[in-house]
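The structure under discussion appears below in the form of structure tokens.
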Amino acid sequence: MKTLYITSPITKWKFDEDTTPLMIAEVRKRGGETWMATPRHIAVKDGVVAARCQTIELTDSAPFHIMGKEEYCPLGDFDVIHLRTDPPFDLEYYYTTIFLEMVPTNTLVLNEPNSVRYLNEKLAILLFPDFITETIVTFDVEEGADFVQSVGGKAVAKELSQCSSRGITLLEGSRESIVEKLQPLVSSGGGQIMIQRFLEGVVKGETRITMIDGEPLGYMKKVPAEGSFLASMDFGAVGQPCQLTQRDKELCKAVGNYLSRQGILFAALDVIDGHLSEVNLTSPGLMRHTNEVMGIKLEEALEDAVERWVKERKLGLR
């Protein structure tokens, strides 16, 4: 099978942490071809979407990869294309999803570009009101301050385009101080911001659940660093074993069924005390961390699902 990964520049990769290298290694283990390109390598000429691509294979020593000669490839020549560029979801990302919708239907594009464009990672939780905490999305800082007071005077504000706990601000104190904190977020974050009741349980860990073809196949707690509430490895959180609660399982079933219908094969849910806080689907990560915590190989389950979807596509079932 011939697979293309559209990713951030390889100079930004962390080969000992990132999920994409694991995915590439698994495809190559199965005898497949692996290629990469960045969004800026994509072009449309005479109605054909193509990209300047290079083969990529991994090695055990620095620089941990070998790249082939750059070639101009129609994207329809690939069996599978993975969109693996990290947020923020900016105009470049938006246009990339449009280009990928032009790829011939014989190629499986993951995740489905139209769904990625529609399902903002933070706003997607609003589709599941039974599984989220009190939440407001607004431009109005005065309305935001009123909301914080209505949920007990402590909340978090989230910029909608960010990831990995960036753009998250704790809101507490006087109404005036909350307005002061919200104002720059509205001004610099692109408009609306999401504000949610602060969930105290986050200091004991946010559950990261890896969803493959609608099923929760990996999970761990991301426990914040001492004195922090940010459950992100970028801010010092550590992964710890956990079990899914009954509510977690109900949440996964509801969200997983929806994601599969939308062509989202690979996603990751963040859950705090049974409350869905984010749906990661632009470039789900932490696969290596989850593998280490659980002693599993999620990349094998992922590639099994990819191969299954490719077969279903060829049979006209997907």
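Quick look at the numbers
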| item | result |
| --- | --- |
| Unit charges at the beta carbon, dipole of the stretch 1-121: most positive-side option, VAL48, TYR5, TYR94 | VAL48 |
| Percent accessible area from carbon and sulfur atoms, the stretch 29-148, protein chains only, probe 1.4 Å | 52 percent |
| In the stretch 163-285, lysine pairs closer than 26 Å at Cα, eight or more apart or cross-chain | 9 |
| Environment charge at GLY201 (Cβ cut-off 11 Å; Lys +1, Arg +1, Asp -1, Glu -1) | -1 |
| Binned Cα-Cα distance frequencies in the chain - 10 Å width, integer % | 6, 26, 33, 23, 10, 2, 0 |
| Point-to-point label distance, LEU123-ASP86, nm (Cα→Cβ direction, 7 Å offset) | 2.4 nm |
| Partners for LYS314 among aspartates and glutamates (Cα-Cα distance below 12 Å; same-chain residues under 8 apart left out) | ASP79 |
| Charge context of GLU17, other residues only, Cβ under 13 angstrom, K/R +1, D/E -1 | -2 |
| Square roots of 5 times each gyration tensor eigenvalue, C-alpha, the stretch 1-111, largest first, Å | 22, 16, 13 |
| Value at 222 nm in deg cm²/dmol, rounded to 500, when DSSP H runs of n ≥ 4 in the chain each add -39,500 (n - 2.57) | -9000 deg cm²/dmol |
| Rounded to the nearest 20 debye, dipole of the stretch 55-159 from Cβ charges on Lys, Arg, Asp, Glu | 120 debye |
| Charge dipole of the stretch 215-318 about the Cα centre (unit charges at C-beta), most positive-ward option of HIS275, GLY263, THR245 | GLY263 |
| Size of electric dipole in the stretch 1-74: Cβ of Lys, Arg +1 and of Asp, Glu -1, about Cα centre, debye, nearest 20 | 180 debye |
| Rounded to the nearest 20 debye, dipole of the chain from Cβ charges on Lys, Arg, Asp, Glu | 580 debye |
| 25 Å Cα-Cα reach of LYS69 towards lysines, excluding residues that sit fewer than 8 places from it in its own chain | LYS2, LYS12, LYS14, LYS29, LYS45 |
| Heavy-atom surface of the chain, accessible at 1.4 Å and reported per residue (Å²) | 46 Å² |
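The values are calculated or read from the model by the stated rules, or taken from the named source; none is laboratory data. Quick caveat: nothing in here was measured; it's all calculated off a predicted structure. So basically every Cβ, Gly included, is an ideal-geometry build from the backbone, and we count neighbours across all protein chains shown. Please note that ligands, DNA and RNA were not included when accessible areas were found on the heavy atoms of the full protein model with its side chains. Shrake-Rupley method; radii C 1.70, N 1.55, O 1.52, S 1.80 Å.
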